[in-house]
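The values are calculated or read from the model by the stated rules, or taken from the named source; none is laboratory data. What you are looking at is a predicted structure, and each value in this text was computed from that prediction instead of being measured. As a convention, Cβ positions derive from the backbone with ideal geometry for all residues, glycine included, and neighbour counts pool all protein chains shown. Keep in mind that these areas ignore ligands, DNA and RNA; they rest on the heavy atoms of the full protein, side chains included. Shrake-Rupley method; radii C 1.70, N 1.55, O 1.52, S 1.80 Å.
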Amino acid sequence: MSSSPSIAPSDLRRKVWDGVIPLQIILAPDECRILDSVEPFYINAARVSYFPQYFGRITAYFKNSLRDAEASLSSEWWLDFEGVPLRWNWPIGLLYDLLTGLDPTQADNPDHDWHLPWTLMLHHSQYPSDTLLRIASAGAVKEHWVNRVKEADFIRRGNANAVMSLSKTDSDEMWLGVEEHDFDKFWGITKKLLPSDPYALRHIPIKIYLPSSNKMLQALVPPSISPREFHTVGTALHAHLPQLFPSRRTSLLARPVLHGVLLSMAIPLAELLYECMYTDGYLHICIIMIS
């Protein structure tokens with residue numbers, strides 16, 4: 001395995017879990033019954049959460065300003081960033097990293113626009129069903145998440161038996177951990193789904209998002225290349241995106257970003273998964289171009 005990290009694994013998981021993005025939500029003019037603009041709604045949203053988890057609080061704030069007050073009870077609200085509808089079924093941190101395309105290496109550059117707070121516009125009418133899945137019911141978010149968790153388990157093991165074998169109590173507890181953003185509830189159950197040895201997995205659940213496009217690559221990457229060599233961020237990217245990553249050791253044309261952090265090309269993927277996966281069991285890695 002790799003050498004001991006500077007942050008203990010449990011601390012790293014907690015840091016990932018505690019990551020937030022400050023949001024400024026603006027009500028779309030065609031939803032507002034007031035001529036003057038309404039004060040925006042501000043909230044710190046967890047990176048690993050989903051936008052529908054906040055719609056109740058957001059719409060309650062704007063209720064008295066809506067043209068249709070009953071719309072505040074609807075589940076089919078949606079957000080856009082600079083005209084681009086935001087997929088409610090993708091984690092918030094992934095959407096921010098992908099759509100802003102921000103380069104973590106510019107953290108000390110005072111002229112770099114970090115889009116913070118992240119300014120989004122709230123809509124109810126003209127739902128972009130050609131782009132976004134419909135939120136058919138109050139349970140749609142949970143249903144979608146459960147399906148992704150099963151899918152990730154299948155990729156890890158070759159079957160979804162671990163998830164399917166959870167008791168109803170454990171399944172409900174795990175979802176409550178997501179819904180209530182409760183670290184102990186979520187990880188208390190999730191640890192039961194993961195073998196103690198990450199290198200015992202069949203494949204790593206990983207999705208790679210390409211810059212300035214709607215393209216996503218889902219690759220089957222085993223934990224190890226050979227008995228003596230682990231798959232790292234660099235070896236996986238070089239194998240599946242050689243045009244952008246001609247070197248497996250150095251970022252020459254593009255950089256991989258996860259949870260807003262630049263990834264070292266040398267990090268073993270199996271260990272990264274255990275500490276930094278999103279709540280659906282995947283590593284969602286965004287690619288940004290080197291300017």
- Complete set of residues in the stretch 105-122 that are of a type in the set (Phe, Trp, Tyr) and crowded, with 16+ Cβ neighbours inside 10 Å: 118
- State which residue pairs qualify: first residue more than 16 Å from residue 288 (Cβ to Cβ) and touching a residue at least 40 places away in the same chain (Cβ under 8 Å) and inside the stretch 242-259, second residue of a type in the set (A, V, I, L, M, F, W, C) and open to solvent by 40 Å² or more (accessible area, probe 1.4 Å) in any location, beta carbons under 7 Å apart, and separation of 6 or more residues or different chains. none
- Is there any pair with a first residue in the stretch 87-116 that is within 23 Å of residue 49 (Cβ to Cβ) and a second that is of a type in the set (Ser, Thr, Tyr) and not in a loop (DSSP other than H, G, I, E, B) whose Cβ atoms are under 7 Å apart and which are 6 or more apart or on different chains, and what are they? 98/209; 115/100
- Message: Quick check on my filter: what residues within the stretch 214-247 are open to solvent by less than 40 Å² (accessible area, probe 1.4 Å), closer than 20 Å to residue 284 by Cβ and not hydrophobic (A, V, I, L, M, F, W, C)?
- Response: 223, 231, 232, 234, 235
- Query: Would a scan of the stretch 272-290 turn up a residue that is outside any strand (DSSP E or B), at pLDDT 95 or above and more than 30 Å from residue 22 (Cβ to Cβ)?
  - Reply: no
- Item | Residue ID - least open to solvent (accessible area, probe 1.4 Å), chosen from residues in the stretch 47-93 that are assigned to a helix (DSSP H, G or I) and charged (D, E, K, R) | 63
- Query: Is there a residue being within 26 Å of residue 22 (Cβ to Cβ), surrounded by 12 or more Cβ atoms within 10 Å (Cβ to Cβ) and touching a Gly at 6+ places or on another chain (Cβ under 6 Å) anywhere in the stretch 157-179?
  - Reply: no
- Residue list for the stretch 31-46, filter: of a type in the set (Val, Ile, Thr) and either in a strand (DSSP E or B) or at pLDDT 95 or above (or both): 43
- Query: Has the stretch 138-151 got at least one residue that is under 21 Å from the mean Cα position of the chain (by Cα), of a type in the set (Asp, Glu), modelled with pLDDT of 95 or more and open to solvent by less than 30 Å² (accessible area, probe 1.4 Å)?
  - Reply: no
